[in-house]
Amino acid sequence: MLSFRYSIKNENGIHARTAAILVKEAMKYESKVMVRKDDQTADAAHLMEMMELTAEYGQTVEVVIDGADEKEAYEGMKRVFEKNI
């Protein structure tokens, strides 16, 4: 299992467009990708769960990746967060 923490830099937080980008990336991997904010956890492969997370600008989320290709998933998800979120 690998994880990283990320502070949201996008002024709009995780909204429909950015959630869709995250979902598209998460679906590339066998590994389970979960995003946690406070007491909420969302499966990064499910758009509605990501949108319900309501992660806003300045808040910190934790991304937890577990599975056979977790190293690749970690690198891909981290890259997408840094570029888009």
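The values are calculated or read from the model by the stated rules, or taken from the named source; none is laboratory data. Remember, it's a predicted structure, so these values are computed and weren't measured experimentally. Every residue, glycine among them, receives a Cβ derived from its backbone with ideal geometry; neighbour counts consider all protein chains shown.
Highlighted here are the helices (runs of 4 or more DSSP H) found entirely within the chain that include at least 1 residues which are of a type in the set (Phe, Trp, Tyr), modelled with pLDDT of 95 or more and surrounded by 13 or more Cβ atoms within 10 Å (Cβ to Cβ): 70-84. Of all residues in region 21-66, those satisfying the criterion of being small (Gly, Ala, Ser) and farther than 14 Å from Leu2 by Cβ are Ala42, Ala45, Ala55, Gly58. Out of Tyr29, Tyr6, one residue alone is more than 10 Å from the chain's Cα centre (by Cα) and among the aromatic types (Phe, Trp, Tyr). It is Tyr29. Ser7 satisfies every condition listed in (1) out of contact with any strand residue (DSSP E or B) (no Cβ under 7 Å at 6 or more places or on another chain); (2) under 15 Å from Lys83 (Cβ atoms) except (1). Residues in region 47-81 that are among the acidic types (Asp, Glu), closer than 19 Å to Asn12 by Cα and touching a residue at least 24 places away in the same chain (Cβ under 8 Å): Glu56, Glu62.
For region 36-46, check the following and say yes or no: at least one residue is polar (S, T, N, Q) and touching a residue at least 40 places away in the same chain (Cβ under 8 Å).
Scanning region 36-46 turns up no residue that is polar (S, T, N, Q) and touching a residue at least 40 places away in the same chain (Cβ under 8 Å).
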